[in-house]
Amino acid sequence: MYTYNRFMNKDVIIVGAGFAGATIANLLANKGYKVLVYDKRNHIGGNAYDYFNEDGIIIHKYGPHIFHTNFKEVWEYIKQFDEFFPYKHRVLGNIDGTLVPIPFNFKSLELTHSKEEADLIKETIKREFPDKTRVSILDLLNNKNEILQKFGDYVYQKVFVYYTSKQWGIHPDKIDKSVINRVPVILGYEDTYFGDTYQFMPSHGFTRIFDNMLINKNIEVKLNVNIKDHIKFNENKVYIDEEEIKCPIIYTGAIDELFKYTYGVLPYRSLDIILEKLPVTYFQPAATINYPTSELFTRISEYKYFLKQNIQNKTVIAKEYSKAYRLDSKTDPYYPINNEINNAMYARYKSLAEQYHIYLSGRLAEYKYYNMDLTILNAMKLADNIINLLKSKK
Ligand code: UDP
């Protein structure tokens with residue numbers, strides 16, 4: 001174990017000012033520890049960063065981010081940083097030209113099937129799943145009942161196959177099941193995208209939340225600093241700008257980048273987000289419309305919905321085009337691609353981080369498809385551990 005020593009008068013170094021880094025920085029600073037946060041970008045907030053354009057419309061620069069959680073402690077923690085208002089995210093899917101609720105529900109069923117077919121499927125569902133309000137698409141596909149299998153196959157083909165091929169570049173049969181299980185099939189008329197207990201949006205956008213988490217006399221944030229250009233590893237010691245680091249380092253970025261791709265480039269999916277300004281009050285009838293049967297983009301989000309903004313004759317939409325993450329282009333890693341081979345490569349990076357006593361937190365550093373709530377929850381736990389560690393060193 002290292003001996004604790006301060007670096008530039010700081011007790012802890014955190015790399016990354018997204019939800020993982022900002023949560024840990026905030027909790028440590030509240031306990032009186034001096035925290036130095038680096039971020040390679042010119043702004044805080046990680047991929048949850050948002051801003052208001054010249055018309056006052058909120059823009060989620062790195063794609064739509066919506067807060068939802070079942071973890072009371074996450075909600076209690078995050079709500080201190082601004083006002084939030086109740087927000088239920090609704091998504092429609094354009095299935096062969098018809099807009100239907102996604103997750104696929106009984107209304108979607110009625111809009112895409114004849115009354116007789118829809119009635120038969122609903123009756124069968126009620127009989128086979130009397131107590132369930134939602135199931136995974138796999139529960140339908142693998143069901144012994146032929147009617148449910150056929151229905152499952154319809155939903156799989158119309159909702160999951162093409163969308164997933166666009167999003168991940170592979171057929172959903174080849175993807176980790178947890179990915180498509182994120183989107184259930186609803187056995188009823190519930191039409192919100194998330195089933196969580198706490199669904200709220202911050203009234204002034206996410207960046208305000210990060211400002212409030214990080215504005216603290218014990219936190220210094222250095223933007224535009226890519227730690228990989230300053231950090232060196234040698235014989236179990238870590239150096240930043242040639243100085244040996246003896247205080248804890250928490251890293252929240254892409255772990256392969258930290259170790260200069262020693263074991264290879266970890267695969268991620270990335271996104272091109274194409275914004276369009278339009279001279280209409282609303283472009284589409286829901287915050288997000290998915291395109292599971294057509295188009296090259298996966299979905300269109302209309303950002304005004306996210307803050308219920310009342311701005312006339314102006315709107316902004318964002319089309320998401322998924323693509324592979326490549327080192328040579330200016331793409332950002334967004335989604336880890338969890339499979340046996342990639343997880344094995346990640347495990348090697350993780351042991352390297354352990355060897356150098358670097359703590360990992362967040363979607364990129366842990367190489368897990370976390371939503372923001374789990375990112376925050378895990379960061380809260382790590383902050384507790386670091387606080388105990390620092391206490392024991394005093
Ligand atoms: N998905 C799909 N069709 C849809 C929505 C989602 O096939 O209409 C699948 C797709 O594989 C996607 C995954 O479910 O990557 C998770 O979707 P989610 O909306 O949670 O993705 P995120 O918002 O994180 O991009």
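The values are calculated or read from the model by the stated rules, or taken from the named source; none is laboratory data. This is a predicted model, so every value here is computed, not measured. Methodologically, a virtual Cβ is constructed for each residue, glycine included, from the backbone with ideal geometry; neighbour enumeration extends over all protein chains shown.
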May I ask you to say which residue of Lys10, Lys61, Lys115 is out of contact with any Phe, Trp or Tyr (no Cβ under 9 Å at 6 or more places or on another chain) and either touching a residue at least 12 places away in the same chain (Cβ under 8 Å) or exposed (fewer than 15 other Cβ atoms within 10 Å of the Cβ) (or both)?
-> Lys115
Restricting attention to segment 85-110, which residues are farther than 22 Å from Ser301 by Cα and surrounded by fewer than 20 Cβ atoms within 10 Å (Cβ to Cβ)?
-> Phe106, Glu110
Among the residues of segment 328-338, which ones are at pLDDT below 95 and under 19 Å from Gln167 (Cα atoms)?
-> Ser329, Lys330, Thr331, Asp332
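Could you tell me how many of the residues in segment 147-179 are near the ligand (Cβ under 7 Å from one of its atoms) and touching a Pro at 6+ places or on another chain (Cβ under 9 Å)? Before you say what the answer is, go through the steps one by one.
If we filter segment 147-179 for residues that are near the ligand (Cβ under 7 Å from one of its atoms), which is where we start, we get 159-160, 163-164, 167-168, 172, 175, 179.
Those still in the list that are touching a Pro at 6+ places or on another chain (Cβ under 9 Å) too: 159-160, 163-164, 179.
Total meeting the criteria: 5.
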Which residues, taken from segment 304-320, are away from the ligand (no atom under 16 Å from the Cβ) and of a type outside the set (A, V, I, L, M, F, W, C)?
-> Lys304, Lys308, Gln309, Asn310, Gln312, Asn313, Lys314, Thr315
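Looking only at segment 247-271, count how many residues are in a strand (DSSP E or B) and either free of Cβ contacts under 8 Å to residues at least 60 places away in the same chain or among the aliphatic types (A, V, I, L, M) (or both). Steps first, please.
At the first step, the residues of segment 247-271 found to be in a strand (DSSP E or B) are 249-251, 268-271.
Now restrict to residues that are either free of Cβ contacts under 8 Å to residues at least 60 places away in the same chain or among the aliphatic types (A, V, I, L, M) (or both): 249-250, 271.
Within segment 247-271, residues that are in a strand (DSSP E or B) and either free of Cβ contacts under 8 Å to residues at least 60 places away in the same chain or among the aliphatic types (A, V, I, L, M) (or both) number 3.
Let's see how each residue does on (1) within 16 Å of the ligand (Cβ to nearest atom); (2) assigned to a loop (DSSP other than H, G, I, E, B); (3) more than 28 Å from Tyr239 (Cα to Cα); (4) in contact (Cβ under 8 Å) with a residue 40 or more places away in the chain:
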residue: Ser322; (1), (2), (3), (4): yes, no, yes, yes
residue: Asp328; (1), (2), (3), (4): no, yes, no, no
residue: Pro333; (1), (2), (3), (4): yes, yes, no, yes
residue: Asn338; (1), (2), (3), (4): yes, yes, yes, yes
residue: Arg348; (1), (2), (3), (4): no, no, no, yes
residue: Ala365; (1), (2), (3), (4): no, no, no, yes
residue: Tyr370; (1), (2), (3), (4): yes, yes, yes, no
residue: Asp373; (1), (2), (3), (4): yes, no, yes, yes
In segment 25-73, residues that are among the acidic types (Asp, Glu) and in a strand (DSSP E or B) total 1
